[in-house]
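See structure below.
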Amino acid sequence: MSNTSRAIPFLDLKAQQARIAVDLRRRLDTVLEHCQFVLGPEVRELEAELARFCGAKHCVSVSSGTDALQIALMAEEIGRGDAVFLPAFTYTATAEVPLLLGATPVFVDVDPRTFQIDPAHLVKRIEDVRAAGTLKPRAIIGVDLFGQPADWPALVAIARQNDLFLLDDLAQSFGASLNGTMIGTQADATATSFFPSKPLGAYGDGGALFTESEERADLYRSLRTHGEGKTRYEVLRTGMNGRLDSIQAAVLLAKLGVFKEELEARERIACVYDQRLGNAVTTPKRVANSTSAWAIYAILLPDEAARDRTQAALRADGVPTAIYYPRPLHRQPAYSAQHDGSALPISENLAGRILALPIHPDLTDEDVGRICDAVLAAAA
Ligand SMILES: Cc1ncc(COP(=O)(O)O)c(C=O)c1O
């Protein structure tokens, strides 16, 4: 890195804050004036705006993406003896939630180029569980990994054929679309996250559930507030404290105002990476007929040694990178005992070869040029 070039941030929330400062302050001041800090008017406004954004009938905001997944599974009464199918190559929360509820995660392999759950392997895993006869297949959690959508038409068909609840883990990919439709309505329920590093991120934890079913939306509202009924002190079921703060909703409303432009900026950067890096390293394959929220732009190197060398060379050039994920979930100490030993070769291979480059709307053209030059030099 030359002495005059700036350190490239992997994520630049300060630069983003400067772009939305006026609207953000106004909205935060309003919360400070009315002092309805939990489930206040901003939360209701946000739920309406989010539902409109992704075309869903109902949006129920919650306290995190993890809580969104948990509430969705609690509503279906998924628990002990139930099998929940999910990709082995995802963030820990996807597997943690079924386990917390006493259910068993059943790991499914992913596509080697799009990194999304592999529908053919999912069918095989459902057959495996039926043949073993110890668990009852109950649900599929399809993850939209890294910003791109999973193969929802295939997942919907498999869920219907097998009478399984279909949950979309959209934590990384709010803002993506498939076949001209925003992601949010494809599954029986969709859970997203507003963790600060997500494409649409709050200034703390937050999440949301989307569903077309009024009955499910009512259940989600009850479960996020201790299982309450029509009145505050009527407790209908075991729930949790899963509510969203008004301050987080105010931040998210300010960010929604620039979200479309930010998605476009991420797409422009992804196109530059595709074009400049495509002959030197393996760039991510785009899911057909989709748009990506580009939470993560991950390249593949030939092997682990090459990945680690590339990461070190980029670091020396002032280019930060990250590894999502260095271990597939079935290899994690917390989950390995749950795994039935089935081979998941693609997830294992990706964990040793993958490397994420910075991708966010506040990267300058010069930053993107420097990142490409550094990758090309490292790969040469
Ligand atoms: C795929 C996936 N699912 C679930 C979550 C959990 O979201 P949260 O951190 O808001 O609980 C994340 C967060 O990183 C995620 O990436």
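Computed quantities for the displayed model
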item	result
All aspartates and glutamates inside 20 Å of Lys255 as judged from Cα atoms, apart from same-chain residues fewer than 8 positions distant	Asp12, Asp23, Asp29, Glu42, Glu45, Glu47, Glu49, Asp205, Asp245, Glu264, Glu267, Asp362
Karplus 3J(HN,Hα) series, Hz, for segment 134-144 with 6.51 cos²θ - 1.76 cosθ + 1.60 (x for Gly, Pro)	9, 10, 9, x, 10, 8, 10, 10, x, 10, 8
Helical contribution to [θ] at 222 nm, DSSP H n ≥ 4, -39,500 (n - 2.57), averaged over the chain, rounded to 500	-13500 deg cm²/dmol
Label point distance in nm, Arg286-Phe10, each placed 7 Å from Cα along Cα→Cβ	2.7
For the chain, built as a Gaussian network whose Cα springs stay under 10 Å, the top-fluctuating residue of Pro302, Pro284, Pro361	Pro302
Ranking of Cys59, Cys35 by count of other Cβ atoms within 10 Å, fewest first	Cys35, Cys59
Neighbour-limited loop hits for trypsin sites (Lys or Arg not before Pro), segment 285-360 (at most 14 other Cβ within 10 Å; DSSP other than H, G, I, E, B)	Lys285, Arg286
Around Ala120: net Lys/Arg minus Asp/Glu count, Cβ-Cβ under 12 Å	-3
Global geometry of segment 91-139, whether rounded, prolate or oblate, following the gyration tensor of its Cα atoms and the 1.5 cut on a/c	oblate
Residue order, fewest to most surrounding Cβ atoms within 10 angstrom, among Leu135, Leu301	Leu135, Leu301
Candidate lysines - alpha carbon under 25 Å from Lys285, same-chain residues fewer than 8 apart omitted	Lys124, Lys198, Lys260
Cα-only radius of gyration and Dmax that characterise segment 195-282, units Å	19.4, 63
Rounded FRET efficiency, nearest 0.05, which uses the C-beta distance separating Asp218 from Asp274 and R0 of 41 Å	0.40
Eligible lysines near Lys57 by straight Cα distance, threshold 16 Å, same-chain separation 8 or greater	none
Nearest-0.05 FRET efficiency for Asp340 and Thr238, computed from C-beta distance (R0 45 Å)	0.90
Gaussian network model of the chain, springs between alpha carbon atoms under 10 Å - residue of Glu214, Glu33, Glu76 with greatest fluctuation	Glu33
Equivalent-ellipsoid semi-axes of segment 286-341, from the Cα gyration tensor, Å, largest first	26, 20, 11
Segment 206-217 - phi-based ³J(HN,Hα) in whole Hz, Karplus 6.51/-1.76/1.60, Gly and Pro as x	x, x, 7, 10, 10, 7, 8, 9, 5, 4, 5, 4
Overall form of segment 233-343 per C-alpha gyration tensor (a/c, 1.5; a/b vs b/c)	oblate
Dipole magnitude of the chain about its Cα centre (Cβ charges: Lys, Arg +1; Asp, Glu -1), debye to nearest 20	240
Residue exposure sequence - Cys54, Cys271, Cys372 - by fewest surrounding Cβ within 10 Å	Cys271, Cys372, Cys54
Three-way shape label, the chain, alpha-carbon gyration tensor, a/c 1.5	oblate
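Each value in this text was obtained by applying a stated rule to the coordinates, not by laboratory testing. All figures in this text were calculated on a predicted structure; none of them were measured in a lab. Glycine gets a Cβ as well: all are built from the backbone with ideal geometry, and neighbour counts include every protein chain shown.
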